[in-house]
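Undergrad: First the structure, which I've put down as structure tokens, then a few questions once you've had a look.
The values are calculated or read from the model by the stated rules, or taken from the named source; none is laboratory data. Since the model is a prediction, treat every value here as computed from it, not as a measurement. Cβ sites come from the backbone with ideal geometry, for glycine too, and all protein chains shown count toward neighbours. The protein model used for the area step is the full one, side chains on, heavy atoms only, and it has no ligands, DNA or RNA in it. Shrake-Rupley method; radii C 1.70, N 1.55, O 1.52, S 1.80 Å.
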Amino acid sequence: MAPNTSSARNLPPRTLGIDFGTSNSAAGIAVAGQPYLIQMEPGETTLPTAVFFEEGKRDMRVGRSATRALIDGDEGRFMRALKSLLGTPLLQEERRLGGERISFATLISRFLATLKTRAEAHTRMEFTHALSGRPVKFHSKDEARNIQAEQDLRACYHAAGFHDVMFLNEPEAALRAASVKPGLGLIVDIGGGTSDFTAFEQDAAGHTRVLASHGARIGGTDFDRQISIDHVMPLLGRGSEIKNAFGGGTMPAPNRLFNDLATWQMIPFLYTGETRRMASDLAAHAVERAKLDLLVEVLEHELGHDLAFAVERGKISANSHNSARIDLKVLKSGLGADLDAAGMARSLTPAVLDIRTCAVETLALAQVAPDQITRVVLVGGSSLLGAVRQHMQGLCPNATLESEKAMTAVADGLALAAEGAFS
């Protein structure tokens with residue numbers, strides 16, 4: 001066997017910077033001091049963090065291929081937002097997928113292995129080590145789960161074929177890619193599953209000092225969830241009355257079933273015989289039978305993710321155009337839910353206020369007053385929502401909002417930092 005040239009020359013191991021996200025992932029390296037994001041699919045440097053198992057096949061489709069399979073109606077199982085399962089008992093639960101029983105931890109490992117394989121094929125280099133982004137808090141209200149989540153993710157990287165992995169807080173990675181401007185700043189990174197903040201100070205020479213980092217388990221998928229609960233699930237019977245099978249009177253349909261159906265990572269757990277029987281029983285005794293029949297249809301034909309994508313598209317459109325229609329024709333021709341700016345604001349306000357509170361706490365940890373902040377760097381697709389921008393500008397009235405690198409800052413920063421991570 002030929003010796004490892006990096007080891008023989010006492011060079012640091014080749015390290016891949018990986019932004020493993022709830023919704024999308026990317027990988028990169030530094031080239032001549034600049035970030036180079038690697039194509040994960042033809043012409044695309046981001047890869048949707050999604051997998052699809054075709055019925056009766058063991059091959060796992062990933063990224064846009066997985067999403068196309070769902071949209072095309074291929075028989076099989078689609079999954080997204082697997083990152084949110086880190087640190088929870090659900091991560092080790094097994095499901096029969098493509099003819100084998102497989103845990104969600106194994107799914108994450110295989111997804112990370114795909115990133116590694118594609119990066120190596122594109123660059124013709126072998127990556128033995130990884131620098132991975134991580135939220136400041138995987139679980140902001142449970143420190144034991146927060147610790148467990150990093151342990152889980154580390155194990156997934158090892159199972160994916162990496163010899164070792166180091167972690168860097170995602171907003172601090174984004175800071176590596178931000179332009180240099182003297183003064184006090186705040187990174188606001190709103191990802192799919194978490195919101196992360198870093199307060200920092202820069203001088204005229206470009207020296208940067210991290211003052212504090214903080215985070216909360218609130219993200220874009222939570223926005224989607226609340227919009228779905230408020231605007232889509234009532235069309236499927238949420239809030240409807242169910243007649244008592246053993247006497248007079250009615251009671252509301254149980255919220256948990258609808259709440260789980262509105263939650264990206266919980267959707268695959270609903271496709272069971274028990275859940276389908278529960279929905280059929282609710283429909284049989286429903287005052288508004290037609291609505292509950294739609295719920296039965298969603299579960300029977302496994303349309304939960306189709307609805308979730310429709311909500312996501314509606315959210316993006318409403319943010320851009322002040323109004324949109326959540327198109328649910330996949331379930332029934334002509335079915336949809338109107339979503340205007342006011343309705344979206346009502347749905348998102350509680351979560352956005354929690355995000356604002358976390359930003360306030362970050363500045364308190366940094367011992368910086370909000371009016372001292374001169375720049376707020378917005379990172380992540382959900383940071384571009386009007387409600388988030390409005391609250392961040394209100395909190396830091398003297399700051400300029402920057403969003404030029406919102407979609408690539410974390411991956412760029414990890415690519416830059418990977419080169420010296422194991423030096």
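Undergrad: Restricting to region 338-356, name every residue that is open to solvent by 70 Å² or more (accessible area, probe 1.4 Å) and either part of a helix (DSSP H, G or I) or at pLDDT 95 or above (or both).
TA: Residues satisfying the conditions are D338, R346, P350, L353, D354, R356.
Undergrad: Then there's this: Where residues in region 99-146 are closer than 15 Å to H163 by Cα, under 18 Å from the mean Cα position of the chain (by Cα) and polar (S, T, N, Q), which of them is surrounded by the most Cβ atoms within 10 Å (Cβ to Cβ)?
TA: Here the answer is S132.
Undergrad: Look at region 147-175 and say how many of its residues are surrounded by 20 or more Cβ atoms within 10 Å (Cβ to Cβ) and either of a type in the set (S, T, N, Q) or without any contact (Cβ under 8 Å) to a residue 40 or more places away in the chain (or both).
TA: Total meeting the criteria: 2.
Undergrad: I need every pair where a residue in region 9-29 that is open to solvent by less than 10 Å² (accessible area, probe 1.4 Å) has its Cβ under 9 Å from the Cβ of a residue that is assigned to a strand (DSSP E or B) and β-branched (V, I, T), sequence separation at least 6 or different chains.
TA: Cβ pairs passing all conditions: L16/I29; G17/I29; I18/V165; S25/I18; A26/I18; A27/I18; G28/I18.
Undergrad: Kindly check whether there is at least one residue in region 399-421 that is free of Cβ contacts under 8 Å to residues at least 40 places away in the same chain and in a helix (DSSP H, G or I).
TA: no
Undergrad: Now for a separate question. With at pLDDT 95 or above and among the aromatic types (F, W, Y) as the only criterion, which of F269, F197 stands out?
TA: F197
Undergrad: Within region 376-394, can you find the residues that are surrounded by fewer than 20 Cβ atoms within 10 Å (Cβ to Cβ), at pLDDT 95 or above and in contact with a helix residue (DSSP H, G or I) (Cβ under 7 Å, 6 or more places away or on another chain)?
TA: Passing the criteria: only H391.
Undergrad: Look through region 405-423, keep the residues that are farther than 27 Å from I227 by Cα, open to solvent by 10 Å² or more (accessible area, probe 1.4 Å) and not aliphatic (A, V, I, L, M), and return whichever of them is modelled with the highest pLDDT.
TA: D412
Undergrad: Counting only residues that are open to solvent by less than 40 Å² (accessible area, probe 1.4 Å) and farther than 16 Å from I229 by Cβ, how many does region 319-334 have?
TA: Of the residues in that region, 2 qualify.
Undergrad: Regarding A283, is this residue on the phi < 0 side of the Ramachandran plot and touching a strand residue (DSSP E or B) at 6+ places or on another chain (Cβ under 6 Å)?
TA: Judged against the criteria, A283 is not a match.
Undergrad: Go through region 249-264 and report how many residues are under 15 Å from G304 (Cα atoms) and either open to solvent by less than 60 Å² (accessible area, probe 1.4 Å) or touching a helix residue (DSSP H, G or I) at 6+ places or on another chain (Cβ under 9 Å) (or both). Full working, then the answer.
TA: Taking region 249-264 and keeping what is under 15 Å from G304 (Cα atoms), we get 256-264.
Of the ones still in play, those that are also either open to solvent by less than 60 Å² (accessible area, probe 1.4 Å) or touching a helix residue (DSSP H, G or I) at 6+ places or on another chain (Cβ under 9 Å) (or both) are 257-264.
Selection size over region 249-264: 8.
Undergrad: Something else: Residue by residue through region 110-136, note down the ones that are in a helix (DSSP H, G or I), of a type in the set (D, E, K, R) and either over 24 Å from G191 (Cβ atoms) or free of Cβ contacts under 8 Å to residues at least 60 places away in the same chain (or both).
TA: Correct list: R110, E120.
Undergrad: Now for a different question. Just name the residue that is nearest to A406 (Cα to Cα) out of those in region 223-242 that are among the charged types (D, E, K, R) and either buried (at least 24 other Cβ atoms within 10 Å of the Cβ) or out of contact with any Gly (no Cβ under 8 Å at 6 or more places or on another chain) (or both). Spell out how you get there, then give the answer.
TA: Restricting attention to region 223-242, the residues satisfying the condition of being among the charged types (D, E, K, R) are 224-225, 230, 238, 241.
Checking which are either buried (at least 24 other Cβ atoms within 10 Å of the Cβ) or out of contact with any Gly (no Cβ under 8 Å at 6 or more places or on another chain) (or both) leaves us with 224-225, 238, 241.
Working: D224: 19, R225: 22, R238: 36, E241: 44 Å.
Out of the qualifying residues, it is D224.
Undergrad: Could you list all residues from region 200-232 that are more than 27 Å from F138 (Cβ to Cβ), modelled with pLDDT of 95 or more and among the hydrophobic types (A, V, I, L, M, F, W, C)?
TA: Within region 200-232, just V232 meets the criteria.
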